[in-house]
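The values are calculated or read from the model by the stated rules, or taken from the named source; none is laboratory data. Here the structure is a predicted model, which is why all the values come from computation and not from measurement. Counting neighbours? That spans all protein chains shown, and the Cβs are built from the backbone with ideal geometry, glycine included. Note: accessible area is taken over every heavy atom of the protein model, side chains too, but ligands, DNA and RNA are not part of it. Shrake-Rupley method; radii C 1.70, N 1.55, O 1.52, S 1.80 Å.
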Amino acid sequence: MSSHSARISSTLKGAYEDVLRRNPGEHEFHQSVDEVLGSLGPVVERHPHYVDERVIERLCEPERQIIFRVPWTDDSGKVQINRGFRVEYSSALGPYKGGLRFHPSVLLGTVKFLGFEQIFKNALTGLPIGGGKGGSDFDPKGRSDAEVMRFCQSFMTELYRHLGEYTDVPAGDIGVGGREIGYLFGQYKRITNRYEAGVLTGKGLTWGGSQARTEATGYGTVYFANEMAKHVDRSLDGQRVVVSGSGNVAIYAIEKASEMGGTVVACSDSSGYVVDEAGIDVQLLRDIKEVRRGRIIEYAEARAGNVSFVERGSVWDVPCDVAMPCATQNELDEAAATTLIRNGVQIVAEGANMPSTQGAVRAFQQAGVLFGPGKAANAGGVATSSLEMQQNASRDSWSFERTDERLGEIMRNIHESVVTTAEDYDRPGDYVFGANAAGFTRVADAMLAMGVI
Ligand code: GLU
């Protein structure tokens with residue numbers, strides 16, 4: 001790991017070196033800070049007071065970091081111990097907002113990288129939400145519903161004291177879907193004796209959830225990709241699309257991309273990928289992944305003969321016009337980017353958080369591929385969470401059409417603000433710069449207005 005990125009301007013190098021020194025070993029966190037600070041040189045040059053007021057150093061330090069023990073008993077009666085996290089990163093624009101990730105790979109540094117990304121993503125939505133993230137190294141895979149429930153109850157028994165609709169509002173992320181949010185909300189309600197619907201988002205439709213929240217991250221990523229295409233007089237219609245992953249984000253990205261005339265020919269999970277030249281059958285995929293919680297090979301088996309399953313291999317070997325990484329961080333490296341470029345990829349829109357390594361991003365940009373970073377392209381999920389909070393606060397429930405319409409409008413606005421910010425700084429077409437500069441400026445101005453807190 002190099003001591004600092006070559007792209008970070010000399011004014012910001014000290015801030016970045018402090019982050020490295022004070023957060024040793026947290027490579028994903030370093031990467032996410034590097035990526036943002038690498039864009040901010042021209043911004044602080046134009047607004048030197050951000051440097052004078054040490055806004056960047058302040059932003060790199062989370063407002064609060066909570067780490068706790070989560071003890072629970074498995075079905076065999078054995079005591080299990082996991083670690084719980086909530087990093088309340090920035091409340092400049094609203095209550096801390098961001099998901100919970102349950103995955104064995106989760107460390108404090110993982111949560112910090114996700115929380116840091118979330119600040120700027122949430123700012124880009126233009127909605128009143130701050131940034132935070134949480135989770136645990138608990139692995140829900142292979143656990144019974146009763147085990148997941150006991151884990152969630154123990155997790156919430158500690159976390160509840162830090163939450164509130166005006167304080168901190170978690171939601172789902174990898175490993176946390178409707179089932180987990182249900183158990184978490186139930187325990188919060190029981191402990192507090194309050195039906196405080198706005199304390200969690202991603203709730204079920206009959207108990208305070210919002211229409212279109214389940215679909216929102218995937219749909220939003222496709223709406224964003226569509227705006228990128230329109231911006232260069234193209235469209236998704238007739239395009240060959242590859243989506244990585246097969247979880248919540250991937251499923252609804254596949255559904256919307258197909259609806260818009262694209263053919264999604266491949267998707268994946270951690271065991272390998274499938275290629276279906278006729279276009280992925282999203283109902284079948286959903287049944288295997290969401291209902292049966294099975295492996296992707298079952299998709300190939302069910303489509304007997306017409307679909308190939310490639311064990312372990314990289315889904316990015318499959319040629320496409322549009323690539324949507326919707327699995328996890330650093331899943332698309334420079335070698336994969338080079339293959340995609342050689343195979344003629346035109347647009348990359350990130351449905352996951354930081355799925356492309358910095359080498360991959362550089363390769364796409366140098367090759368003239370339109371690259372939409374996750375903090376802009378996948379903001380539809382958290383934006384719709386904010387719409388869920390809005391419905392909860394007004395004790396209302398909107399139709400699917402109204403919510404989806406609002407989501408589309410928010411994604412168009414994000415695209416517009418990213419593109420105009422990039423143009424304003426003479427970096428036309430640089431979505432990474434536009435997203436970082438636009439998101440940062442909103443948070444920084446709010447922080448300055450509120451003084452040193
Ligand atoms: N985990 C999602 C994200 O990365 C959603 C967060 C939320 O809805 O609060 O943005």
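Roughly what percent of Cα-Cα pairs across the chain reach past 38 Å?
18
Determine the order of 324, 450 by accessible area, beginning with the largest, at a probe radius of 1.4 Å.
The ranking, largest first, comes out as 450, 324.
Please tell me the relative contact order of the range 129-213 in percent, rounded to the nearest whole number, where contacts are Cα pairs under 8 Å and at least six residues apart. Could the numbers behind the result be given before it?
Numbers: 75 pairs, mean separation 24.6, N = 85.
That works out to 29 percent.
Per-residue counts of other Cβ atoms within 10 Å, averaged by peptide: what ranking do you get for 202-213, 89-100, highest first?
89-100, 202-213
Grab the eigenvalues of the alpha-carbon gyration tensor for the range 266-386, scale each by 5, take roots, and send me the semi-axes largest first in whole angstrom.
Numbers: eigenvalues 125, 69, 28 Å².
Value: 25, 19, 12 Å, ordered largest first.
Considering the dipole of the chain built from charges on the beta carbon (Lys and Arg +1, Asp and Glu -1) around the Cα centre, which of 322, 280, 261 is farthest to its positive end?
Final value for the positive-end residue is 280.
Just want to confirm a number: the relative contact order over the range 1-93, from Cα pairs under 8 angstrom separated by 6+ residues, in percent.
For the range 1-93, the relative contact order is 22 percent.
Over the range 40-135, what is the mean sequence separation of C-alpha contacts under 8 Å (at least six apart), divided by residue count, expressed as relative contact order in percent?
Rounded, it is 27 percent for the range 40-135.
Calculate the radius of gyration of the Cα atoms of the range 183-252 to one decimal place, then report Dmax, the largest Cα-Cα distance, as a whole number, both in Å.
17.6, 54
How would you classify the range 17-129 from its alpha-carbon gyration tensor, with a ≥ b ≥ c the square roots of the eigenvalues: rounded for a/c under 1.5, else prolate if a/b is greater than b/c, otherwise oblate?
In terms of gyration-tensor shape, prolate.
With all protein chains present, how much of the accessible area of the range 1-104 (probe radius 1.4 Å) comes from carbon and sulfur, to the nearest whole percent?
The computed percentage sits at 48.
Work out the count of Lys pairs in the range 106-197 where the Cα-Cα distance is under 22 Å, with the pair 8 or more places apart or on different chains.
Eligible lysine pairs with Cα atoms under 22 Å apart amount to 5.
If you wrap a convex hull around the C-alpha atoms of the range 340-390 and split its volume per residue, what is the figure in Å³?
Convex hull of Cα atoms, per residue: 70 Å³.
To the nearest whole percent, what portion of all C-alpha pairs in the range 221-300 is separated by more than 16 angstrom?
46
What does the helix-only formula give at 222 nm for the chain: each DSSP H stretch with n ≥ 4 adding -39500 (n - 2.57), the total divided by the residues, and the result rounded to the nearest 500 deg cm²/dmol? The partial results should precede the final answer.
Numbers: 17 runs with 212 residues, N = 453.
Computed mean residue ellipticity for the chain: -14500 deg cm²/dmol.
Enter the accessible area per residue of the range 31-121 (Å², integer; probe 1.4 Å; all protein chains in place). Let's see the in-between values first.
Values: 3360 Å² over 91 residues.
Per-residue value: 37 Å².
Determine, for each peptide in 364-375, 121-132, the mean count of other beta carbons within 10 angstrom over its residues, then list the peptides with the highest first.
Descending packing order for the listed peptides: 121-132, 364-375.
If you find the alpha carbon centre of the range 396-421 and of the range 294-371, how far apart are they in angstrom?
The range 396-421 and the range 294-371 have Cα centres separated by 26 Å.
Can you tell me which of 14-21, 30-37, 140-147 comes out highest on packing, and rank the rest after it, using the mean Cβ neighbours within 10 Å?
Details: 14-21: 16.9, 30-37: 23.1, 140-147: 13.4.
Top to bottom by mean Cβ count within 10 Å: 30-37, 14-21, 140-147.
Please express the Cα-Cα pair-distance distribution P(r) of the range 76-157 as a list of whole percents, one per 10 Å bin, running from 0 to the bin with the greatest distance.
19, 42, 27, 11, 2
What do you get for Rg/Rh over the range 48-207 if you use C-alpha atoms and the Kirkwood form of Rh? Intermediate values should be presented prior to the final figure.
On the way: Rg = 16.1 Å, Rh = 16.1 Å.
On the Cα set of the range 48-207, Rg over Rh gives 1.00.
Any idea what diffusion coefficient the range 378-453 gets from Stokes-Einstein, in µm²/s, Kirkwood Rh on alpha carbon pairs, 10 °C, 1.306 mPa s?
Approximately 112 µm²/s, per Stokes-Einstein.
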